[in-house]
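The values are calculated or read from the model by the stated rules, or taken from the named source; none is laboratory data. Small disclaimer: the values here were computed from a predicted structure and weren't measured. Cβ coordinates were reconstructed from backbone atoms using ideal geometry, including for glycine residues, and neighbour counts include every protein chain displayed. The area values use the complete protein model at the heavy-atom level, side chains included, leaving out ligands, DNA and RNA. Shrake-Rupley method; radii C 1.70, N 1.55, O 1.52, S 1.80 Å.
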Amino acid sequence: MKRREFLIGAAACATAGSVMAGGVSAQESAARARIVIAGAGAAGLSLAARLRRQMPNATIILIDAKKEHHFQPGFTLVATGLWSPADVTERNADYVPRGVEWIEQAVAEFDPDAKAVVTAAGQRVAYDFLFVATGLMLDYRAIAGMDLSLIGKEGIASIYAGPAQAAASAAAIDRFIETGGVGLFGRPAGEMKCAGAPLKVTFVTDDKARRKDRRGAVKLIYNAHNPAVFAVPPVHDKVKTLFAERDIAVNYSHVLKAIDPGAKRATYATPKGDVTLDYDFIHVVPPMRAPDAVRNSPLPWRQGPLAADGWVEADKATLRHPRYPEVFAVGDIAGVPRGKTAASVKWQVPVVADNLVDETAGRTPQKTYNGYTSCPMVTAVGKAMLIEFDYDGKLIPSFPFIPPLEELWVSWLIEEKGLKGAYRAMLRGRA
Amino acid sequence: MSDFNPVTLFFILYESMGVWLWLLLGLALVLLVGIVTSVLRLRRAGRPVKRPVIAALVVGLIATVAATFAVPAWTLAGPGALSAAIDYAFAFLFALVPGAAVAALVFMMAARRCVSRGAATV
Ligand SMILES: Cc1cc2nc3c(=O)[nH]c(=O)nc-3n(C[C@H](O)[C@H](O)[C@H](O)COP(=O)(O)OP(=O)(O)OC[C@H]3O[C@@H](n4cnc5c(N)ncnc54)[C@H](O)[C@@H]3O)c2cc1C
């Protein structure tokens, strides 16, 4: 009998016993499983908190070298100049639940055949269940001429890289509005986290220019990576209309491949060949891929559209690895369509946690993830559209009284005041 | 929506506000105790609660309406951000917090005056 099956059998008996004795609630499992979570970001911490409460006898090990915790959805507000980097920076230590071991190293190697991971310092950590929650890697080097150190200089902005870079981007936007010229925006071709953020930066630049009475001095161009500005058709239609109303030009099927910071020229791959555009300001959104340790492991998809960038193979409803059933992928690293937002994490984590709890307690796992993802699309300071959709691109508003395609202050309220509290509550496994 | 049960909402509020949540709840409790004490004092003095209640409602409503237009500033936006009915409704709901605090204070002050006037006329 395999260890996983033995654990499940033993835990089922123990759970049944304790339920009868009134010791363990129906949402708990008494299994003594060894659970490893790779990555202590939004998904990893939230999972650790839930599993700690729901599996009191399990050994839970978090592995991540990063000590700071960033509230990434707030980077947009830092780039708007409304929040400071300190508003989005916390410590992971404040969120690691009591009773969870934290190995402060990166995972260097995943060895799912041996059910173990190896840390950067060579520590081998065995598991019964593994949750891959490493997030993704921003591949700035994939854009020729681009370098992290350029952010905030030479008219280059990029809000994705971190709080300091988001603040440097805010300053770059302000300088651009003062001096005027051509501003280029866009997104990479592959899967990316918060696909709304590149649009938000475009809208905010337009709004700030208007407020400073400088809109006539700047020309704004959004370079969409394919024939749409957003993958969900009604959202595409709405954003297209708003761009037209705000005199923001759109180039379709333009993917940034190189920049020349000295000459301020950007080269885009298009179906008709490379096109070079002059700019005074550019917001660079890099291609996003799986971190090397994941990419070089047996875990990624081996074929299909999600294979090239190394996203972990996962069943889109249960987030379970089809070849390694004791492995789950949660958060940005999961090789599922869409779903690379903190809002997706909020819905993914209870699914994988409850299913593991049920499975190890001898019950049939029932929960499924519908691809929920959300993005309050900021269209100006004080206005946003609360866009939520599923795998099928169907709009699924959480609040029936908030129309998703209307620019509303109440949606901005959720972005500016609601998200951070909800995110923190999620990290503690309470939302 | 079904996910936003009271427990989840409490945790979201707590994580958003931190110690301010306890300070706010403490203030609400103090005001509540103040209101109850004022009502008891009015009763003991044989004075009607009607006038202090009307004063509290009028001033509280004015404070709420004024605060409604200040709420967007709390979200780093200008009053012009309010456009749809749902925006005004939510801003009004948030403005009810300072509005209710002002109403409670006015009620206590008016009740005190009523009681002391009553005592003076005896
Ligand atoms: C600019 C911007 C705007 C956004 N806006 C929104 C928004 O409005 N709404 C929304 O819901 N979401 C938004 N997001 C997306 C959201 O922040 C992410 O989807 C979410 O953080 C994903 O969580 P995660 O745990 O998968 O990854 P992360 O939170 O990135 O955490 C990954 C963790 O894994 C660690 N790690 C990496 N490699 C290894 C390794 N080899 N071993 C161990 N650990 C490793 C990292 O150090 C990190 O701590 C935005 C993101 C950005 C950048």
Can you tell me which residues in region A:53-72 are away from chain B (no Cβ under 14 Å) and open to solvent by less than 40 Å² (accessible area, probe 1.4 Å)? A:Q54, A:M55, A:A58, A:I60, A:I61, A:L62, A:I63, A:D64, A:H70
Does B:L27 qualify as being open to solvent by less than 30 Å² (accessible area, probe 1.4 Å) and of a type in the set (A, V, I, L, M)? no
For region A:396-409, does any single residue satisfy the condition of being within 17 Å of A:C194 (Cα to Cα) and hydroxyl-bearing (S, T, Y)? no
With respect to the numbered conditions (1) more than 19 Å from B:L24 (Cβ to Cβ); (2) open to solvent by 80 Å² or more (accessible area, probe 1.4 Å); (3) away from chain A (no Cβ under 14 Å), which one is the sole condition not fulfilled by B:A111? (2)
Would you check if there is a residue in region A:293-312 being surrounded by fewer than 17 Cβ atoms within 10 Å (Cβ to Cβ), hydroxyl-bearing (S, T, Y) and over 21 Å from A:A195 (Cβ atoms)? no
Which pairs have Cβ atoms under 6 Å, sit 6 or more apart or on different chains, and link a residue in region A:26-43 that is closer than 15 Å to A:Q54 by Cα to one that is among the β-branched types (V, I, T) and part of a loop (DSSP other than H, G, I, E, B)? A:A30/A:V24
Matching residues, region A:47-73, being near the ligand (Cβ under 8 Å from one of its atoms) and either part of a helix (DSSP H, G or I) or charged (D, E, K, R) (or both): A:D64, A:K66, A:Q72, A:P73
Return yes when A:K264 is on the phi > 0 side of the Ramachandran plot and at pLDDT 95 or above and no when it is not. yes
Given region A:338-431, what helices (runs of 4 or more DSSP H) lie entirely inside it while holding 1 or more residues that are in contact with an Asp or Glu (Cβ under 8 Å, 6 or more places away or on another chain) and more than 14 Å from every other protein chain (Cβ to nearest Cβ)? A:342-360
All positions within region A:204-231 that are outside any helix (DSSP H, G or I), surrounded by 19 or more Cβ atoms within 10 Å (Cβ to Cβ) and of a type in the set (S, T, N, Q): A:N223
State whether the residues of region B:66-74 include one that is more than 14 Å from every other protein chain (Cβ to nearest Cβ) and either under 15 Å from the mean Cα position of the chain (by Cα) or at pLDDT 95 or above (or both). yes
Scan region A:324-349 residue by residue and report those that are among the hydroxyl-bearing types (S, T, Y) and near the ligand (Cβ under 9 Å from one of its atoms). A:T341, A:S344
Against the definition (within 14 Å of the ligand (Cβ to nearest atom), more than 14 Å from chain B (Cβ to nearest Cβ) and among the hydrophobic types (A, V, I, L, M, F, W, C)), how does A:V250 come out, yes or no? no
For the structure I just gave you, tell me whether A:D147 is more than 30 Å from A:R323 (Cβ to Cβ) and open to solvent by 10 Å² or more (accessible area, probe 1.4 Å). yes
Among (1) closer than 30 Å to A:D111 by Cα; (2) surrounded by fewer than 23 Cβ atoms within 10 Å (Cβ to Cβ), the one test that A:G331 misses: (2)
Output the residues belonging to region A:74-117 that are within 11 Å of the ligand (Cβ to nearest atom) and assigned to a helix (DSSP H, G or I). A:G74, A:F75, A:T76, A:L77, A:V78, A:A79, A:V88, A:N92
Hits in region A:181-203 (condition: open to solvent by less than 10 Å² (accessible area, probe 1.4 Å) and in contact with a Gly (Cβ under 9 Å, 6 or more places away or on another chain)): A:G183, A:P198, A:T202
In region B:86-108, what residues are of a type outside the set (A, V, I, L, M) and within 11 Å of chain A (Cβ to nearest Cβ)? B:D87, B:Y88, B:F90, B:F94
So, in region A:94-122, how many residues would count as being open to solvent by 50 Å² or more (accessible area, probe 1.4 Å) and free of Cβ contacts under 8 Å to residues at least 60 places away in the same chain? 9
Scan region A:270-277 and give yes if some residue there is open to solvent by less than 30 Å² (accessible area, probe 1.4 Å) and either within 25 Å of the chain's Cα centre (by Cα) or among the acidic types (D, E) (or both), otherwise no. no
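When residues of region A:25-46 are filtered for being within 14 Å of chain B (Cβ to nearest Cβ), open to solvent by 10 Å² or more (accessible area, probe 1.4 Å) and either near the ligand (Cβ under 8 Å from one of its atoms) or at pLDDT 95 or above (or both), how many remain?
Result for region A:25-46: 1.
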A:A317 vs. criteria surrounded by 22 or more Cβ atoms within 10 Å (Cβ to Cβ) and either at pLDDT 95 or above or assigned by TED's automatic domain parsing to the domain that holds A:L130 (or both): no
Given the criterion open to solvent by less than 50 Å² (accessible area, probe 1.4 Å) and outside any strand (DSSP E or B), identify the matching residue among A:A263, A:A166, A:A258. A:A166
